[in-house]
Amino acid sequence: MRAPARICQPRSRELGIHVPDEVKPRRRQARGERRIAQLLDAAATVFRTTGYTAASTNAIAREAHVSPGTLYQYFPNKEAIAVELGERLLHRMREAHGQAFTPANFDLPLAEMLDAILDPMIEFNCAHPVFLALMHGSDVPGRIAEEHDALHASLLTRVEELLGHYLPDMPAADRTRTASMAFALFKAGLDLVIGHEGEEREAYIRELKQVMFRYLEPVIGHVVPATPAGT
């Protein structure tokens, strides 16, 4: 008579070996990460169309074509979704800044420099229109607002550095004011760019670059950088 089949147990359990939590499979790996990406994409759509305050976890679940129960397996509430989405967007935005504000770009003629700096920024915001809706809302979670404010301050600092590269003797107050105005012009034009598509969007991009050129050209258009980039 054949002996009863032995129920297989994990070797570690059979030997009485404790497996630390950090080496156990993480829930967010593989299938879990795909589900999270699906939920974040849905949240981006809902936040962009209704705003953060009016958005709900039920609406996000519907947009993702999952049940609310499935959503709650990964996120406890709407704020947690917004924080996760916001942090991922901020990370990608920092990468766009890194592509834009390089020493090599600072030595280009003004028109080419604007292309090199603005194109990555415009491309990012067009690919992620929820960024402006989420980051500039007055009701977004404080953690996101704080990180965005830090990123905004970093960007202004980079613009001031650019001005200082061309005009090292420019008073600090003038440099800050010019950088703030240039950034405000960019944000205003960016709203129009994102609000249009196709040929109209391209036309607004050209208009935005022209506005930036006309503003900065009297300041740095014909100035030779005081020091080589990267020194």
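In the set 215, 204, 166, only one residue is free of Cβ contacts under 8 Å to residues at least 24 places away in the same chain and either among the aromatic types (Phe, Trp, Tyr) or touching a strand residue (DSSP E or B) at 6+ places or on another chain (Cβ under 7 Å) (or both); that residue is 204.
Summed over the range 151-160, residues that are free of Cβ contacts under 8 Å to residues at least 40 places away in the same chain, surrounded by fewer than 16 Cβ atoms within 10 Å (Cβ to Cβ) and either more than 13 Å from the chain's Cα centre (by Cα) or assigned by TED's automatic domain parsing to the domain that holds residue 49 (or both) total 3. The residues in the range 110-145 that are at pLDDT below 90 and either of a type outside the set (A, V, I, L, M, F, W, C) or surrounded by fewer than 18 Cβ atoms within 10 Å (Cβ to Cβ) (or both) can be counted, and the count is 9.
Return the only residue of 117, 144 being part of a helix (DSSP H, G or I), among the β-branched types (Val, Ile, Thr) and either farther than 27 Å from residue 219 by Cβ or not assigned by TED's automatic domain parsing to the domain that holds residue 205 (or both).
Details: 117 fails: either farther than 27 Å from residue 219 by Cβ or not assigned by TED's automatic domain parsing to the domain that holds residue 205 (or both).
Sole residue among the options that is part of a helix (DSSP H, G or I), among the β-branched types (Val, Ile, Thr) and either farther than 27 Å from residue 219 by Cβ or not assigned by TED's automatic domain parsing to the domain that holds residue 205 (or both): 144.
Inclusion of residue 212 among residues that are surrounded by 19 or more Cβ atoms within 10 Å (Cβ to Cβ), over 18 Å from residue 96 (Cα atoms), at pLDDT 95 or above and not acidic (Asp, Glu) is warranted.
For the range 165-177, the set of residues classified as at pLDDT 90 or above and in a helix (DSSP H, G or I) consists of 172, 173, 174, 175, 176, 177, listed by residue number.
The values are calculated or read from the model by the stated rules, or taken from the named source; none is laboratory data. Because the structure is predicted, anything quoted here is derived from the model rather than measured. Because the Cβ atoms are built from the backbone with ideal geometry, glycine has one as well, and the counts that use them run over all protein chains shown.
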